[in-house]
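Enquirer: The structure under discussion is supplied below as structure tokens; questions concerning it will follow.
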There are 4 protein chains.
Amino acid sequence: MHTRILNVECPDRRGLVHAITGVLLGESLNVVGNQEFVDPSTRRFFMRTEIDGEVDEPRVLSKLQTALGAGAIIRFPPLAAKRIVVLASKEHHCVADLLVRHMFGELNCTLLAVIANHETLRPLVESFRIPFHYIPAAEGAREAHEDALLKTLAGYDLEYLVLAKYMRILSPAFVQRFAHRIINIHHSFLPAFIGARPYQQAYERGVKVIGATAHFVTADLDQGPIIVQQVIPVDHTHSPQDLAASGHDVEQMVLARALKLVFEDRVFLCGNRTILFD
Amino acid sequence: MHTRILNVECPDRRGLVHAITGVLLGESLNVVGNQEFVDPSTRRFFMRTEIDGEVDEPRVLSKLQTALGAGAIIRFPPLAAKRIVVLASKEHHCVADLLVRHMFGELNCTLLAVIANHETLRPLVESFRIPFHYIPAAEGAREAHEDALLKTLAGYDLEYLVLAKYMRILSPAFVQRFAHRIINIHHSFLPAFIGARPYQQAYERGVKVIGATAHFVTADLDQGPIIVQQVIPVDHTHSPQDLAASGHDVEQMVLARALKLVFEDRVFLCGNRTILFD
Amino acid sequence: MHTRILNVECPDRRGLVHAITGVLLGESLNVVGNQEFVDPSTRRFFMRTEIDGEVDEPRVLSKLQTALGAGAIIRFPPLAAKRIVVLASKEHHCVADLLVRHMFGELNCTLLAVIANHETLRPLVESFRIPFHYIPAAEGAREAHEDALLKTLAGYDLEYLVLAKYMRILSPAFVQRFAHRIINIHHSFLPAFIGARPYQQAYERGVKVIGATAHFVTADLDQGPIIVQQVIPVDHTHSPQDLAASGHDVEQMVLARALKLVFEDRVFLCGNRTILFD
Amino acid sequence: MHTRILNVECPDRRGLVHAITGVLLGESLNVVGNQEFVDPSTRRFFMRTEIDGEVDEPRVLSKLQTALGAGAIIRFPPLAAKRIVVLASKEHHCVADLLVRHMFGELNCTLLAVIANHETLRPLVESFRIPFHYIPAAEGAREAHEDALLKTLAGYDLEYLVLAKYMRILSPAFVQRFAHRIINIHHSFLPAFIGARPYQQAYERGVKVIGATAHFVTADLDQGPIIVQQVIPVDHTHSPQDLAASGHDVEQMVLARALKLVFEDRVFLCGNRTILFD
């Protein structure tokens, strides 16, 4: 017997919690943890429940669907670890951190493979006995590159795609295939900088903090729902290279935290925002 | 019509949320926010619910008591701001912050008076048009001092006593009169220092962070349930006076945060721990 | 005898520290603290020295100027607290914090007056016995407003102008009169938001941190040299109003920290960046 | 031509900086960075200087020694990366982080070997092609264990010993052999907890932050000079296991930061405190 997670979202109305807990009670299931949130701007209800007891999944789902109506999204996420593929480029810090956390079972995921558009990280990845695929990305050949990516991905039964400093823009069509299942990490600044060489720009602007944002990828580049953000302090003695090193440290922390939340089914999407039950 | 808070705690058993939400549904009350927690070590259930609708308080309480049984603690905290008295000594930082936040209605409290064992803060307090009482504390005369305190406090219909750097140990008998209703702030260090002149000790030890802890006061000095803790970084260039100044900044932040949580009825006691629904 | 600060900046060349310390040694002055930084991008040298001993200011300045050449900027900041005027609008949090810190001598400044374009803060300011001037700002009459401001400011022998949530854009001509002597605080987000109602935008974007930036004001709005930045975490349960409250808390901390640094002569300008010796 | 570091410490007296920079000027060496600190409690002077130019090390050292007198400690740390051996037990998080950072050259060190009293980490360490030595530690046989350790360590020309969750107390005699060259990481709490199962104790006390301290090891257990401290927030929903996981995250960050500072020769000892030039 395991603790199961039940995730529910639907339009808010009076009596939802009573109805849901009534179904669980009728099944002799024990609620050991429960979090709800009603988003005031959309009047949408979100609930994450931890249940002890033997769950007859089809029967409980059917009863809940009847109780909550057609608009409700009701899920018992599978007990198994999430199956993920990581896309990377040349930077190692996020990939290395994921490899270590995966090796020691800290992220509730199975890392199926790393795919990169450079060979740089092959020794690191293979030292952890994880398959590494090199798929070069010629300038101006995004379509061909994405076709090759899809072909390789087809060999894996993946649930999530993690962009661990992948540094390339994915086409809307590609993103659409993995809707709400691609997670990206990128550096963030106060203020934001548009364009190339962001750490050089941050240096010239004399920023005092460097941040990172983990978010779901949508067709609108870097504008998807934010999962985790954090910053670390920097000062005038930091060169652009030092700023980048600090940026890497905070990116690594923020991505690991975001993946842990997502892979433990603690993240709901609500328009362009996330609801986190942590 | 206002949003009301309903706070419930009782031994955990199957069906609690269903039973409570059933009573609310029967009263046509709308749950707009809800947080629950079952403490695994004590198997105790805690719930904070925000309700929209006209509450017939005695009837709802009676129905809930029937549904939950004798062991349950069920409360609709009054809508009015909490009535508090602040005890202080010579340090101004926490008192000044509370005076400003009170003036602008940020803490859901009414500051009835400040009582101090020194005259130092009288000008500050009176500039905010808050009554100030000077009750000296002669060495070795704790009983007389506490008697005088109680006499002055008797003139106020207070709910909470806030020790804003009061710097004196209250007797168990005094604490008992205001059980779970006295909140204290004190500096905290890694590692902890016993005895006098803590900032001098922290300086000699070369600590790299200075912290503060807000907690409920129990008979066991400084060992009561922790509400909020936080730290700020310091370094070798800080003198003991600089460390104290940093300590004051973090104490002020931590106390304000703790009071906001308590005065919004977001804090439950669970043995020597707190459950915070924030 | 007091500790004096000596601040020097000039183009970097070999032997600068030796030359400066040679002059001080020749005057029998004791260096008790010293910080230098050579900015690698501009090859500019910055030094802040704390000196014990009786300083014959004109003689030391003259010797240093001879030793360092015409391009050097050499200053013994006066021992007296900085004279400042605060510009405000309706928001109280930063003004209140400055009033308290000023009352207790924490910022090395003398607060000469508060000027606001609303009457809202008069009771707060006057309870601290600080002059309050109300100068209304009619829509579209910036020139007239700034003329009135300047007339009032002419009555004070001020060194710094602090914009404590002043919320109005100053003309380049006005800024020019107080070049490098106006300090502003504003909210900051990851990502940045352009336009009105920033907290509403931040809410809709689902940000996970809220920040604040204190900076010198230049003709280029909000783009002046950054002095201090910091953020605090927020989450999906925060309404736009809650985000604003968190924003106020971090603005207050960041402004106080920036003013302390500036008023202790710890901040140098280097192009559009600041060098902080803290 | 490389940038060299010059580190000096000696009793403070007038003219030290002038004397040191005079020697460097006489050698046509260019100071590109310089940090000094005079500890007010011990009147001891510390200086870290970055120098460009061809350094004739014996000649410069001799000149400086003449200028500063017998009590001065003057060092040009070798350009080569520090040679280190890591002692570990069963916990992987700090060791894994060091292996990754070492692989990518982030810590200015060469990791010669990992020695552990359990076999648990062998696969991890060997996947990075670093020698792994298993030296069991039988209960009550500390002397024999330390003898075996010393024998293995004798095979490596090491400069620093890093205790990456080694979890065993080293004898004063052992510590003495590597005086000021052993760095340890341990969890830290507000308040501190003595005795076994600290995370269980922290859980029962309901702490709201979990911290870590990196420090030099002295004969007095866990009381050596602190290099880096930091905390992360936790709450009532964290089990003792969750607290431990948070503790691991902060330990890993704090140890990496401390090693970076030490291995870049940015850390001076001053009695039981550290002076950090970062």
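Enquirer: Determine the shielding of peptide A:37-48 by partner chains: average, over its residues, the number of Cβ atoms on other chains within 10 angstrom of each Cβ. Walk me through the intermediate numbers first.
Expert: Numbers: counts 6, 6, 2, 4, 5, 0, 1, 0, 1, 1, 1, 0.
That works out to 2 on average.
Enquirer: So what are chain B's ellipsoid semi-axes, whole angstrom, largest first, if each one is the square root of 5 times an eigenvalue of the alpha-carbon gyration tensor?
Expert: Working: eigenvalues 270, 101, 63 Å².
Square roots of five times the eigenvalues give 37, 22, 18 Å.
Enquirer: Per-residue mean of other chain beta-carbon atoms within 10 angstrom of the beta-carbon, peptide A:172-182?
Expert: Values: counts 0, 0, 0, 0, 0, 0, 0, 0, 0, 0, 0.
For peptide A:172-182, the averaged partner shielding equals 0.
Enquirer: Am I reading the D/B interface right? What is its buried accessible area, both sides, 1.4 Å probe, to the nearest 100 Å²? Can you show the working numbers first?
Expert: Numbers: alone 14040 and 14000 Å², together 25280 Å².
Interface area, both chains combined: 2800 Å², rounded to the nearest 100.
Enquirer: Now a separate question. Can you give the angle from 0 to 90° between the axis of helix D:142-153 and the longest principal axis of chain D, with both taken from C-alpha atoms, to the nearest 10?
Expert: 50
Enquirer: Now for a different question. Can you list, shortest first in nanometers, how far B:LEU150 lies from the same residue in the other copies, with each label 7 Å from Cα toward Cβ?
Expert: For B:LEU150, the other copies' label points sit at 6.5, 6.8, 8.1 nm, shortest first.
Enquirer: In nm to one decimal, list the spacings between the B:SER127 label point and its equivalents in the other copies, with label points set 7 Å along Cα to Cβ, shortest first.
Expert: Ordered by increasing distance: 1.0, 6.2, 6.3 nm.
Enquirer: Working out 0.36 nm times the residue gap between B:SER62 and B:GLN241, then minus their Cα-Cα distance, what length gain in nm do you get to one decimal?
Expert: Details: separation 179, 0.36 × 179 = 64.44 nm, distance 5.61 nm.
Value of the extension gain: 58.8 nm.
Enquirer: Follow-up. Could you state the angle between the C-alpha long axis of helix A:16-26 and the longest principal axis of the C-alpha atoms of chain A, as a value from 0 to 90 degrees rounded to the nearest 10?
Expert: 70
Enquirer: With contacts defined as alpha carbon pairs under 8 Å and 6 or more residues apart, what's the relative contact order of chain D in percent? Provide the component values of the computation, followed by the final result.
Expert: Numbers: 490 pairs, mean separation 41.3, N = 278.
Relative contact order of chain D: 15 percent.
Enquirer: For the protein assembly as shown, what is the largest minus smallest coordinate of the Cα atoms on each principal axis, given in angstrom and ordered from greatest to least?
Expert: Principal extents (largest minus smallest coordinate, Cα): 89, 71, 67 Å.
Enquirer: For D:GLY69, place a label point 7 Å out from Cα along the Cα→Cβ vector, do the same in each other copy, and report the separations in nm, one decimal, smallest first.
Expert: 3.6, 8.0, 8.8
Enquirer: In peptide D:201-214, what is the residue-averaged number of other protein chain Cβ atoms found within 10 Å of each Cβ?
Expert: Working: counts 0, 0, 2, 4, 5, 14, 5, 14, 10, 1, 6, 1, 5, 1.
That works out to 5 on average.
Enquirer: Compute the angle between helix A:93-103 and the longest alpha-carbon principal axis of chain A, please, reported from 0 to 90 degrees and rounded to the nearest 10.
Expert: Helix A:93-103 sits roughly 40 degrees off the main axis of chain A.
Enquirer: Further question on the same structure: Calculate, for the range B:1-61, the solvent-accessible area per residue in square angstrom, rolling a 1.4 angstrom probe over the heavy atoms of the protein chains.
Expert: On the way: 2490 Å² over 61 residues.
Accessible area per residue, the range B:1-61: 41 Å².
Enquirer: For the range C:59-154, with the dipole built from +1 on Lys and Arg beta-carbon atoms and -1 on Asp and Glu ones, taken about the Cα centre, which of C:LEU111, C:ALA80, C:PRO136 lies farthest toward the positive end?
Expert: Most positive-ward Cα: C:ALA80.
Enquirer: Reachable aspartates and glutamates from C:LYS90, Cα under 14 Å, same-chain residues fewer than 8 places away excluded?
Expert: Result set, ordered by chain and number: C:GLU119.
Enquirer: Can you return the lysines within cross-link range of A:LYS82? Criterion is Cα-Cα under 24 Å, with same-chain partners fewer than 8 residues away left out.
Expert: A:LYS151, A:LYS165, A:LYS260
Enquirer: Something else: So which residue of B has the beta-carbon closest to the axis that swings B onto C, and how many whole Å away?
Expert: B:SER127, 2
Enquirer: A follow-up question, please. Hey, which aspartates and glutamates would be in cross-link range of D:LYS63, C-alpha to C-alpha under 17 Å, not counting anything within fewer than 8 residues on its own chain?
Expert: Straight-line reach from D:LYS63, under 17 Å: D:GLU9, D:GLU27, D:GLU54.
Enquirer: I've got another one for you. Report the label-to-label distance for A:GLU204 and D:ALA196 in nanometres (one decimal), using points 7 Å from each Cα along the Cα→Cβ vector.
Expert: Distance between the two pseudo-spin positions: 6.2 nm.
Enquirer: Output the direction-averaged projected area (hull surface divided by four) of the convex hull of the alpha-carbon atoms of the range D:94-148, in nm². Mind dumping the intermediate values first?
Expert: On the way: hull surface 16.9 nm².
Result: 4.2 nm².
Enquirer: Here's a follow-up. Using a 1.4 Å probe over the heavy atoms of the protein chains, calculate the carbon and sulfur portion of the accessible area of chain C as a whole percent. Could the numbers behind the result be given before it?
Expert: Working: 5960 of 11240 Å².
Of all accessible area on chain C, carbon and sulfur atoms account for 53 percent.
The values are calculated or read from the model by the stated rules, or taken from the named source; none is laboratory data. Source: prediction; values computed, not measured. FYI the Cβ positions are ideal-geometry reconstructions off the backbone, even for glycines, and counts take in every protein chain you see. Quick note on the areas: whole protein, heavy atoms, side chains included, nothing else; ligands and nucleic acids left out. Shrake-Rupley method; radii C 1.70, N 1.55, O 1.52, S 1.80 Å.
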